[in-house]
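Encoded as structure tokens, the structure appears first; notes follow it.
The values are calculated or read from the model by the stated rules, or taken from the named source; none is laboratory data. What you are looking at is a predicted structure, and each value in this text was computed from that prediction instead of being measured. Virtual Cβ from ideal backbone geometry, glycine too; neighbours counted across all protein chains shown. Accessible surface areas use protein heavy atoms only, side chains included; no ligands, DNA or RNA. Shrake-Rupley method; radii C 1.70, N 1.55, O 1.52, S 1.80 Å.
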Amino acid sequence: MNAPAAAAHAALAPAGLQLAGDFPILSRTVHGKRLVYLDNGATTQKPDAVIEAERNFYRDSNANIHRGVHWLSQHATDLYEDARKTVQRFINADKADEIVFTRGTTEAINLVAQSWGRTTLQPGDEILVTTLEHHSNIVPWQLLCEQTGAVLKVAPISDAGELELEAFEALLGPRTRLVAITHVSNALGTVNPVARLVEQAHAAGAIVLVDGAQAVAHQAVDVQALGCDFYAFSGHKLYGPTGIGALYGRFELLQAMPPWHGGGDMIRTVSFERSTYADAPQRFEAGTPNIAGVVGLAAAIDYVSGVGMANIAAYEHALLGHATAALQTVPGLRLIGTAADKAAILSFVIDGIHPHDLGTILDAEGVAIRAGHHCAMPLMTRFGIPGTARASLGIYNDEADIAALVAAIDKAQYMFGTRQTR
Ligand code: PLP
């Protein structure tokens, strides 16, 4: 930990951000133990503000949007379109029309693959990803390669889990049409130097999609400063509802892309001979969307913005420093992913205990972590392991949670006989 981070840690970590009281689920017990929720990379818990926003939508404002002449429909439409502006401000997009609501990150990436990709790529064109990617940022491109004859290239990472920048640059060539990179690795926590990678990709004539699923909840995101062409994220990893997320796309790109789902709301005119399509973003939002989810997502953004993204980033960085130091005291524990720039994710393996067994024992102690390949099988292969145990931190976690994690690991080692003294 560097000096400013250590100072921030001293000031912030013991007390925490004092937000747990906003999250009703955190007061429940599991197996008779206090719930220690350290699986925020999979999904985050929801504050009352989000739960209430969804409930109030159904109680007071529910109607279908865009098509109604009545007051309630107009009201629901206003809430929906206001939420688009909330997302725009949150990631500093230039226009609200650059925000497409999707079911989440996965759908956003598939949208780009099937709309932009299918109509743009030619056999032999290249898509560049990295070893760090989640399956959601691999498989849609593999499907696209099968459909178009394009070729998937993969930039390697170091043993610390950092992208090898020279190798990345060397893989950019005249056939590279798209670079698809994660902002933050869900399995290791590595933060990629996205602005620099975007610059290099653009210089090579490629456009860039950033998978922001693990970034938006942990640091301020400014898509214009990053310079990316597409940015995808999910509401549920941002203290918002499941089933809702967003795709940011530069307006010229979105406007030039064909629809990928057909149906209501995405058309201008329909006849049996020919249909014409609405402008972006409506062109990409066929059918009745997840209106309550959109309202809940806006509430989540208001909530984290109220806490302050800079405060969240500083606090989580401090807590990560504390947790890293605490785990390093555990005998036989090896951290996987030790990048210099890391988000609050700790992946590890422990001698003599399979990650799934560890997860089960920790669960009995009320400590919820994730065990397995974290939807990043190629990354696990890179490290020669089937999976890891992963503790991923959120804004409500504190030093007591880290102490509970370490104590539960200690118990597991004692049970497995890999540690004799307690
Ligand atoms: N990308 C990353 C880095 C992720 O961590 C995840 C989810 O874990 C996804 C994409 C997929 O997100 P969703 O399942 O919300 O579409």
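The numbered conditions (1) within 14 Å of the ligand (Cβ to nearest atom); (2) out of contact with any strand residue (DSSP E or B) (no Cβ under 8 Å at 6 or more places or on another chain) are all true for ALA403 except (1).
More than 16 Å from the ligand (Cβ to nearest atom), open to solvent by less than 10 Å² (accessible area, probe 1.4 Å) and of a type in the set (Val, Ile, Thr): is that true of VAL223 in this structure? Answer is yes for this residue. The set of residues in the stretch 354-375 that are β-branched (Val, Ile, Thr) and touching a Gly at 6+ places or on another chain (Cβ under 7 Å) contains only ILE369. The set of residues in the stretch 107-119 that are away from the ligand (no atom under 12 Å from the Cβ) and either in contact (Cβ under 8 Å) with a residue 40 or more places away in the chain or surrounded by fewer than 21 Cβ atoms within 10 Å (Cβ to Cβ) (or both) comprises VAL112, GLN114, SER115, TRP116, GLY117, ARG118, THR119.
For every residue, the table says whether it meets (1) of a type in the set (Gly, Ala, Ser); (2) closer than 19 Å to THR43 by Cβ.
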{"residue": "TYR248", "(1), (2)": "no, no"}
{"residue": "GLU252", "(1), (2)": "no, no"}
{"residue": "PRO258", "(1), (2)": "no, no"}
{"residue": "SER271", "(1), (2)": "yes, no"}
{"residue": "THR276", "(1), (2)": "no, no"}
{"residue": "PRO289", "(1), (2)": "no, no"}
{"residue": "ALA292", "(1), (2)": "yes, yes"}
{"residue": "LEU297", "(1), (2)": "no, yes"}
{"residue": "ALA310", "(1), (2)": "yes, no"}
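Return a yes/no flag: does the stretch 67-76 have any residue that is under 30 Å from ALA150 (Cα atoms), modelled with pLDDT of 95 or more and open to solvent by 10 Å² or more (accessible area, probe 1.4 Å). The answer is no, given that none of the residues of the stretch 67-76 is under 30 Å from ALA150 (Cα atoms), modelled with pLDDT of 95 or more and open to solvent by 10 Å² or more (accessible area, probe 1.4 Å). The residues of the stretch 382-422 that are basic (Lys, Arg) and either touching a residue at least 40 places away in the same chain (Cβ under 8 Å) or under 20 Å from LEU188 (Cα atoms) (or both), listed by number, are ARG382, ARG390, LYS411, ARG419.
When the stretch 367-422 is filtered for residues that are part of a helix (DSSP H, G or I) and open to solvent by less than 10 Å² (accessible area, probe 1.4 Å), the ones remaining, listed by number, are LEU379, MET380, ASP401, ILE402, LEU405, ALA408, ILE409, ALA412, GLN413. Counting only residues that are without any contact (Cβ under 8 Å) to a residue 40 or more places away in the chain, loosely packed, with under 15 Cβ neighbours inside 10 Å and under 11 Å from ARG175 (Cα atoms), the stretch 120-151 holds 2 of them. For the criterion of being without any contact (Cβ under 8 Å) to a residue 24 or more places away in the chain, under 17 Å from ALA108 (Cα atoms) and buried (at least 17 other Cβ atoms within 10 Å of the Cβ), MET266 passes.
Being modelled with pLDDT of 95 or more and more than 16 Å from the ligand (Cβ to nearest atom) holds for only one residue in LEU188, LEU247, LEU254, and it is LEU254.
Conditions (1) within 16 Å of the ligand (Cβ to nearest atom); (2) in contact with a helix residue (DSSP H, G or I) (Cβ under 8 Å, 6 or more places away or on another chain); (3) part of a helix (DSSP H, G or I), marked per residue:
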position: THR44; (1), (2), (3): yes, yes, no
position: ILE51; (1), (2), (3): no, yes, yes
position: ARG55; (1), (2), (3): no, no, yes
position: TYR58; (1), (2), (3): no, yes, yes
position: ASN64; (1), (2), (3): no, yes, no
position: ARG67; (1), (2), (3): no, yes, no
position: THR77; (1), (2), (3): no, no, yes
position: ASP82; (1), (2), (3): no, yes, yes
position: THR86; (1), (2), (3): no, yes, yes
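Quick one: would you say LEU362 is open to solvent by less than 10 Å² (accessible area, probe 1.4 Å), part of a helix (DSSP H, G or I) and under 24 Å from ARG34 (Cβ atoms)? The answer is yes for LEU362. Considering (1) outside any helix (DSSP H, G or I); (2) without any contact (Cβ under 8 Å) to a residue 40 or more places away in the chain, the lone condition that ALA195 does not fulfil carries the number (1). Checked against the criterion of being outside any strand (DSSP E or B), touching a Gly at 6+ places or on another chain (Cβ under 9 Å), within 13 Å of the ligand (Cβ to nearest atom) and farther than 23 Å from VAL304 by Cα, the candidates LEU132, LEU144 yield just one match: LEU132.
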